Amino acid sequence: MVYRVSALMLLPLLLLAQQYRWEFVRTHAALGKTPLGLFWGPRESDPDPTSTAYVLCAGFDANFNGQNDPGDEPPSITVAWEENGGEASLNVRLPWGVPSFPLRPAVVRQNEQFVLYLPRRDRVSRHTLLPAINPFHEDTVLRSPAQAVLVLGDTLFVSQRISSDPEVGLILRLIPGQGLVDTIRLSSCPNIQQLLWDARRRQLIVLCEGIFGQRNSVLHFLPNAKDSNSALVPIGDTGNSMLLAGDTLVVVANGSHEVYLIDPATRLWHRMPLEIGTSGYGGPREAILLELPTGQRTLLVSTYSRDVRWIDLATGAVLQILPLSGLAEGMAIRRRGDTLQLWVAQPFTPTYSPDSSLAVFQLVLPTSVAEGYSGGGQLRIRPTLVSEGPVWIEWEVEHYHGHTVQVELFSMDGRRCHMWQVPTSPAGKLMAAVPLSRLLVPAGAYILKLTAGSMQASAPVFVY
């Protein structure tokens with residue numbers, strides 16, 4: 001089904017989209033050494049889920065011996081937030097133990113707590129981040145080397161590399177406090193790099209890095225997290241990271257300097273791989289998928305060429321290069337008012353010495369656009385910029401009480417993405433929450449269209 005979006009509805013978005021440029025805001029000092037990644041969360045004094053950046057820092061092991069020698073620094077979490085027009089941060093050092101690299105931890109919310117599962121070279125440790133971080137305590141949930149961690153309910157999936165057989169990867173399935181449940185053994189899977197759960201299709205996706213220079217990196221798709229029916233997809237040289245957004249699986253191949261876009265249902269490429277334009281050891285590391293209000297799908301890619309590259313997915317053209325002072329690794333986006341903020345972790349200087357800084361960029365977005373109506377009362381939608389969801393809808397349809405309203409979500413190219421049937425109240429008013437979120441569709445601009453008999457209303461929303 002195709003929904004024709006009116007030019008009047010899109011005009012404010014189109015005019016603003018022509019001026020979209022990322023702007024450098026500041027450098028934020030991470031108090032711990034070697035920041036590898038970050039995520040947003042609340043803190044004790046501010047329950048806003050994006051108020052605070054939790055920056056995971058690997059620390060520093062000068063001679064790579066795994067021992068806490070003089071001059072070394074343990075891993076830590078830098079907690080950063082904005083306060084009174086300025087910045088505030090504190091650093092919480094964790095017990096010694098070198099994290100795995102690249103860092104693939106799991107962060108989950110359990111009741112009122114945020115819990116971090118940190119893979120290390122000798123164990124998996126569990127740390128409680130809220131209501132307060134206890135720097136002197138950790139729970140060890142596995143006493144063996146770990147590379148990547150994934151949490152599903154009460155079950156942990158932990159990947160391991162086998163030095164005696166580099167072509168085989170192991171995934172341990174365990175329940176903390178109860179022990180090992182079983183082991184998945186994957187052949188043709190050198191160096192498991194990342195684990196990802198595809199809830200819509202109920203499959204475990206495993207990224208196998210391969211061996212640098214041999215172009216033997218692959219994806220394993222395991223229906224219901226079982227290895228009996230796994231499917232393999234080759235993805236170039238040295239697969240480094242992946243993310244899933246709607247019907248697009250994005251895979252970054254560091255060694256071949258490419259990004260692959262794959263349909264997780266068919267396991268086929270959406271298009272030929274995107275060439276990032278880096279070379280040598282300056283390849284791409286992480287990616288964020290972002291769709292603009294014009295419908296233009298873009299990708300932000302961090303690189304070891306000391307920049308972040310903003311790329312158009314349709315053409316592969318580089319829209320903008322965001323220069324950095326150091327090598328770029330993990331990234332995170334949040335909304336602050338009418339802007340998106342991009343934070344970029346810089347773990348190393350150009351000479352590969354440990355760094356301790358983050359670069360902050362911003363992109364101005366429209367916060368109000370024209371809404372379309374055909375009968376009915378005023379349509380109210382909040383928020384119009386949404387990440388975790390849900391979206392609350394209020395619409396007065398006085399003569400349509402006791403019936404259901406059809407709520408449809410359209411992409412900017414007219415494709416219907418989702419539909420909900422929502423009942424009205426006896427007073428003829430629609431008041432409901434629809435589960436629109438970043439987990440349901442890729443980041444970008446959409447139109448919500450409501451139909452109640454002959455009455456219609458529509459309004460744009462932006463998912464980030």
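The values are calculated or read from the model by the stated rules, or taken from the named source; none is laboratory data. A quick note: this is a predicted structure, and the numbers were derived from the prediction, not measured. Here the Cβ is made from the backbone with ideal geometry for all residues, glycine too, and neighbour counts use every protein chain on show. What goes into the accessible areas is simple: the full protein's heavy atoms, side chains included, and nothing from ligands, DNA or RNA. Shrake-Rupley method; radii C 1.70, N 1.55, O 1.52, S 1.80 Å.
On the beta carbon distance between E87 and D338, with R0 = 25 Å, the FRET formula returns roughly 0.80. Region 201-233 and region 416-460 have Cα centres spaced 36 Å apart.
Across all C-alpha atoms in the chain, the radius of gyration and Dmax reach 23.1, 76 Å. For F24 and S188, the FRET efficiency from 1/(1 + (r/R0)^6), where r spans their Cβ atoms and R0 equals 51 Å, is about 0.75. Other residues within the sphere of radius under 9 Å centred on the Cβ of Q320, judged by their own Cβ, net out at +2 (K and R +1, D and E -1). Ranked from largest to smallest solvent-accessible area, with a 1.4 Å probe on the protein heavy atoms, C417, C57 come out as C417, C57. Taking amide H atoms as placed 1.01 Å from N in the peptide plane, the amide H of Q193 lies under 5 Å from those of L207, C208, E209, each 5 or more residues away in sequence or on another chain. Within a Cβ distance under 15 Å of L274, other residues only, what is the Lys/Arg minus Asp/Glu net charge? Residues near L274 contribute -1 overall.
Counted residue by residue at 0.36 nm each, then reduced by the alpha carbon distance between them, the extension gain from H270 to I175 reaches 30.6 nm. Simple rule: put +1 on each Lys or Arg Cβ and -1 on each Asp or Glu Cβ in the chain, find the dipole, and look at Q346, P166, L36; the Cα lying farthest toward the positive end is P166.
Accessible surface calculations at 1.4 Å, restricted to protein heavy atoms, place the chain at 42 Å² per residue. For the chain, a crude dipole built from +1 on the beta carbon of Lys and Arg and -1 on the beta carbon of Asp and Glu, taken about the Cα centre, is about 740 debye to the nearest 20. At 1.4 Å probe size, with the rest of the protein present, what percent of the exposed accessible area of the chain is carbon and sulfur atoms? C and S fraction of accessible area: 51 percent. Tell me which aspartates and glutamates have Cα within less than 13 Å of K33's Cα, excluding those fewer than 8 residues away on the same chain? Here the aspartates and glutamates satisfying the reach criterion relative to K33 are D61, D72, E73, D355. Extension gain, D139 to R382, is 83.5 nm, computed as 0.36 nm per intervening residue step minus the present C-alpha separation.
Using Cβ point charges alone (K and R +1, D and E -1), the dipole size of region 190-345 about the Cα centre works out to roughly 300 debye.
Within the shell defined by Cβ-Cβ distances under 15 Å, the residues around D263 carry a net charge of +4, with Lys and Arg each +1 and Asp and Glu each -1. If the cut-off is 30 Å between C-alpha atoms, which lysines fall inside it for K429, apart from same-chain ones fewer than 8 positions away? Counting by Cα, and skipping residues close in sequence, K429 has these lysines nearby: K449.
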